[in-house]
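K.L.:
Quick one: the structure is below, questions incoming.
The values are calculated or read from the model by the stated rules, or taken from the named source; none is laboratory data. Because the structure is predicted, anything quoted here is derived from the model rather than measured. Neighbour counts are summed over all protein chains in view; Cβ atoms, including those assigned to glycine, are modelled from backbone coordinates with ideal geometry. Calculation scope for accessible area: heavy atoms of the full protein, side chains included, ligands and nucleic acids excluded. Shrake-Rupley method; radii C 1.70, N 1.55, O 1.52, S 1.80 Å.
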Amino acid sequence: MSLTSRLVFGTITVVAFTLLLLLWGAERWSMTGAALFALLVALGLATLTGRAVAQPLVALSKAAGDIASGLLPAFPRSGIPEVDALVQALRQMNRQLADRFEDVQREKAEASAIVNAMVEGVIATDPRGRIVTANPAARRLLGYAHDAELPDLRTLFRVKEARAAVDAVLTGEAVQDREVEFDGATLTLNARPLPTGGAVLVLHDLTEVRRLEAVRRDFVANVSHELKTPLTSISGYAETLADGGVDPATTKRFLATIVSNASRMQRLVDDLLDLSRIEAGRWVPEPMPVGLEAAANECWTMFADRAAARRVTFVRSFAPDAT
């Protein structure tokens with residue numbers, strides 16, 4: 001029976017029963033007593049009818065409150081089609097909310113796993129600048145333990161450039177590739193304000209990159225110097241021979257020096273090629289014996305002229321089987 005039918009039937013029943021009581025009571029008591037008795041009985045019947053209708057509605061209201069609180073709801077069984085339809089709608093809504101909550105939790109877990117696995121430090125703040133998220137890389141770069149409490153973003157950095165970047169992003173300005181020095185480390189800071197307030201910062205450690213760049217610069221400078229020295233020697237001796245007037249013994253010595261420096265340059269080029277192969281993982285060492293006297297004489301040749309110009313004499317002595 002529908003809710004409307006129950007209410008109509010209950011109302012008709014109460015009215016009819018009240019009239020019957022009035023007619024029955026009028027024969028035995030006064031009209032006032034009969035009316036009072038009929039009213040009391042009618043109120044009792046109306047209360048029972050209303051309770052039968054309201055009880056499933058109260059239970060349904062409690063189930064809706066449990067859904068809102070995240071608790072497991074208990075849906076009533078009333079036998080009233082309208083109430084049962086509402087129960088079915090709430091049950092379906094509860095399933096959909098549970099499915100969406102699981103999706104949100106899964107996406108949150110995936111996003112958290114991705115952020116925690118990043119080598120870049122990621123920091124997120126609320127509109128007041130309080131840190132709400134900091135992945136392990138950010139804590140490592142900033143020198144904080146995984147369970148240490150982080151200060152507000154405005155007091156997190158002690159470097160002027162970093163504090164200026166923080167002030168800019170908290171006022172709604174994006175910061176792009178700001179390089180800062182922090183406790184001996186070189187960091188690149190990128191920051192974006194969030195639409196709902198707050199900001200997100202990404203820190204990238206460039207310390208190793210900058211060190212390798214310095215090594216590369218030193219390497220290029222050293223190689224340039226090593227190449228320049230034999231080139232200068234070859235150029236000077238070749239110009240002297242080109243001008244003529246050099247005795248045969250000096251010519252032979254000059255040519256030997258030119259050949260020696262050319263060989264030295266060839267070895268430098270070979271060493272550079274070996275370095276390239278090492279970086280590519282294709283270099284295989286080939287050990288070979290080297291004569292100690294020949295190696296020492298080759299090294300001496302590079303400094304012989306400068307030593308002679310300064311009247312410095314070197315004495316070389318080798319064992320017969322030195323290798």
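K.L.:
Could you look at region 277-323 and say what percent of its accessible area is carbon and sulfur, using a 1.4 Å probe and all protein chains?
P.N.:
Reported share for carbon and sulfur atoms: 58 percent.
K.L.:
Further, regarding this structure: Just grab the label-to-label distance for Asp271 and Leu241, each label 7 Å out from Cα along the Cβ direction, in nm (one decimal).
P.N.:
The two pseudo-label positions are separated by 2.4 nm.
K.L.:
If you don't mind, there's one more thing I want to ask. Hey, which lysines would be in cross-link range of Lys228, C-alpha to C-alpha under 29 Å, not counting anything within fewer than 8 residues on its own chain?
P.N.:
Lys252
K.L.:
Give the accessible surface of region 191-307 per residue, rounded to a whole number of Å², with probe radius 1.4 Å and ligands, DNA and RNA excluded.
P.N.:
Accessible area per residue: 69 Å².
K.L.:
How would region 184-300 be classified by its alpha-carbon gyration tensor: rounded, prolate or oblate, with rounded meaning a/c under 1.5 and the a/b versus b/c comparison settling the rest?
P.N.:
Prolate is the answer for region 184-300, as a/c is 1.5 or above and a/b outweighs b/c.
K.L.:
Accessible area of Met93, 1.4 Å probe, to the nearest 10 Å²?
P.N.:
Accessible surface of Met93 is approximately 80 Å².
K.L.:
Counting only the heavy atoms of the protein chains, how much of His225 is accessible to a 1.4 Å probe, in Å² to the nearest 10?
P.N.:
110
K.L.:
Here's another thing I want to ask about it. Suppose R0 equals 56 Å; then what is the FRET efficiency for Ala113 and Lys228 from their Cβ-Cβ distance, rounded to the nearest 0.05?
P.N.:
0.55
K.L.:
Any chance you could look up the accessible area of Arg267 with a 1.4 Å probe, heavy atoms only, rounded to 10 Å²?
P.N.:
100
K.L.:
Tally Lys and Arg at +1 and Asp and Glu at -1 over the other residues with C-beta under 12 Å from the C-beta of Gly198: what net charge comes out?
P.N.:
+1
K.L.:
Rounded to the nearest 0.05, what FRET efficiency do Ala164 and Glu213 have when you use their Cβ-Cβ distance and R0 = 25 Å?
P.N.:
Calculated value: 0.50.
K.L.:
Can you put Val290, Val180 in order of accessible area, largest first, using a 1.4 Å probe?
P.N.:
Val290, Val180
K.L.:
How far is the Cα center of region 195-255 from the Cα center of region 136-192, in Å?
P.N.:
For region 195-255 versus region 136-192, the Cα centre distance is 38 Å.
K.L.:
Would you mind telling me the share, in percent, of accessible area of region 128-258 contributed by carbon and sulfur at probe 1.4 angstrom?
P.N.:
So the carbon and sulfur contribution to the accessible surface is 55 percent.
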